[in-house]
Amino acid sequence: MASKSKSTHNEPGDEAAESTESESALETARRQLYHAASHLDLDSSIVERLKHPKKVHEVTVPIERDDGTVEVFTGYRAQHDSVRGPFKGGLRFHPAVSRDECVGLGMWMTWKCAVMDLPFGGAKGGIAVNPKELSSAEKERLTRRFAQEIRDVIGPNQDIPAPDMGTDPQTMAWLMDAYSMQEGETTPGVVTGKPPVVGGSEGREEAPGRSVAIVTQLVCEYYDRDLKETTVAVQGYGSVGANAARLLDDWGATIVAISDVNGAMYEPEGIDTSSVPSHDEEPEAVTKYADTVISNDKLLTLDVDVLIPAALGNVITKENAKTITADFVVEGANGPITSTGDSILVERDIAVIPDILANAGGVTVSYFEWLQDINRRKWSLERVNDELETEMEAAWDAVRSEFEQRDVTWREAAYIVALSRIAEAHETRGLWP
Ligand code: NAD
């Protein structure tokens, strides 16, 4: 088992259902704030300010359906804090989108950008709609109308949306186009996660998985484990899981299990990850390529060095946390461990590297995309990956330093780094007027 851990914390992620066993995204985000603040000597008015979003925009988004009828949806953009720079965060199209969820997830983006030391604050938004019930043309009309409704409050220096659940690079291209048409000039920096042909960055898609792999490597180094003698199980073989598994495989780790929604492939001698198609390449096909299939529940309990839950939220809970036998858990998904599950892992001395650090490669390469857009200068894939590695190492070092000095968990250390930076910026800027 790993050594040096305590505490019980978790945060909301990009998924609606990713809050803890009994908490909403907003409750979880606030609990994280209070907990990190309890380790720091902060002006209480700063904590009070951070409890609340700076602004929440609620808009009505009417669209004409393909059959000629008009349907009206509700959209939100919650802007939590911008003391360190423009608001940044995803836009999701999902039936469960609500004001409070956007506020909670926007707060969580504030912490994530700060732990990576990006010059951004946090925001989240979306529309309460089931995108699977919309045609592509309807989705385009919805996106363009939403862009118009929130146009005054977004912009490359104000608030920069990105894809999230139910939205994708194409959605961002429509949003960018709608905004640019109204501004009278092409403004690629208004959103990130665009297709590269309209100002998106190379390496953006694989960045969250790459950061998970980099952090796994750093954890192994820290605990004196040779990556070449490290066994890894990865739940979820999508954008995050497959990219993380393939990179770790390339770097010499033994990937003994990978999975999708249908079950897990288990090869104790190691899987050739490049021969198994990712979710994007062939959806839900992992078990088709497996000689030995085990359940997703079993994958979580395998006796491996590193477990990477990279599918969805709340998979390690009070019910199964006692059965986890990995030494380290690196959170690839957002919020894969419930609050109670986290406490149990901590008691059992299993080191958990939190999602706000581990999968932050996505927002970090979004930052690179924004830099490329505002400078009108494209970076090579090699440069993106090199700079991502540098940023991940710097964030890791900052978190490691708090972890060592304060004798806290990795999760607490990450939140302490984030909150100290945000609070210091508030103190330095002061209160206006
Ligand atoms: P994805 O859709 O590309 O892949 C998801 C994978 O999980 C698929 O292989 C799917 O079969 C599998 N899966 C779905 N339900 C499952 C279940 N019940 N049990 C086991 N496997 C299941 O998704 P993704 O983009 O890789 O995202 C995965 C997680 O990472 C989510 O929590 C997401 O919020 C988070 N995340 C994604 C990004 C990103 O930019 N893609 C960034 C940060 C965090």
How many residues of region 247-266 are charged (D, E, K, R) and open to solvent by less than 50 Å² (accessible area, probe 1.4 Å)? The answer is 2
Worksheet entry | Residue in region 8-15 that is open to solvent by 20 Å² or more (accessible area, probe 1.4 Å), at pLDDT below 95 and not charged (D, E, K, R) present | yes
Here the residues within region 256-303 that are at positive phi and more than 9 Å from the ligand (Cβ to nearest atom) are G270
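Residues are listed down the side, and each one gets a yes or a no for (1) more than 22 Å from the chain's Cα centre (by Cα); (2) of a type in the set (K, R); (3) more than 21 Å from S211 (Cα to Cα):
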{"residue": "N243", "(1), (2), (3)": "no, no, no"}
{"residue": "D250", "(1), (2), (3)": "yes, no, no"}
{"residue": "A257", "(1), (2), (3)": "yes, no, no"}
{"residue": "P268", "(1), (2), (3)": "yes, no, yes"}
{"residue": "D272", "(1), (2), (3)": "yes, no, no"}
{"residue": "P277", "(1), (2), (3)": "yes, no, no"}
{"residue": "D280", "(1), (2), (3)": "no, no, no"}
{"residue": "P283", "(1), (2), (3)": "no, no, yes"}
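One line per residue, one yes/no per condition, for (1) open to solvent by less than 20 Å² (accessible area, probe 1.4 Å); (2) modelled with pLDDT of 95 or more; (3) of a type outside the set (D, E, K, R):
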position: G90; (1), (2), (3): yes, yes, yes
position: H94; (1), (2), (3): no, yes, yes
position: G126; (1), (2), (3): yes, yes, yes
position: V129; (1), (2), (3): yes, yes, yes
position: E133; (1), (2), (3): no, yes, no
position: A147; (1), (2), (3): yes, yes, yes
If we keep only residues of region 211-230 that are away from the ligand (no atom under 16 Å from the Cβ) and within 24 Å of the chain's Cα centre (by Cα), then the residue surrounded by the fewest Cβ atoms within 10 Å (Cβ to Cβ) is E221
### Query
Being open to solvent by less than 10 Å² (accessible area, probe 1.4 Å) and assigned to a strand (DSSP E or B), is that true of even one residue in region 292-303?
no
Exactly one of A321, A333 is touching a Leu at 6+ places or on another chain (Cβ under 6 Å) and more than 16 Å from the ligand (Cβ to nearest atom), and that residue is A321
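Here is a yes/no grid of residues against (1) modelled with pLDDT of 95 or more; (2) basic (K, R):
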residue	(1), (2)
A310	yes, no
G313	no, no
K322	yes, yes
I337	no, no
task = Look at E347 and say whether it is free of Cβ contacts under 8 Å to residues at least 24 places away in the same chain, of a type in the set (D, E, K, R), within 16 Å of the ligand (Cβ to nearest atom) and in the same structural domain as A257 (by TED's automatic domain parsing).
result = no
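The values are calculated or read from the model by the stated rules, or taken from the named source; none is laboratory data. Just so we're clear, the structure is a prediction, and the values are computed from it rather than from any experiment. Don't worry about glycine lacking a Cβ; one is built from the backbone with ideal geometry, like all the others, and counts go over all protein chains shown. Areas reflect the complete protein model, heavy atoms only, side chains present, ligands, DNA and RNA absent. Shrake-Rupley method; radii C 1.70, N 1.55, O 1.52, S 1.80 Å.
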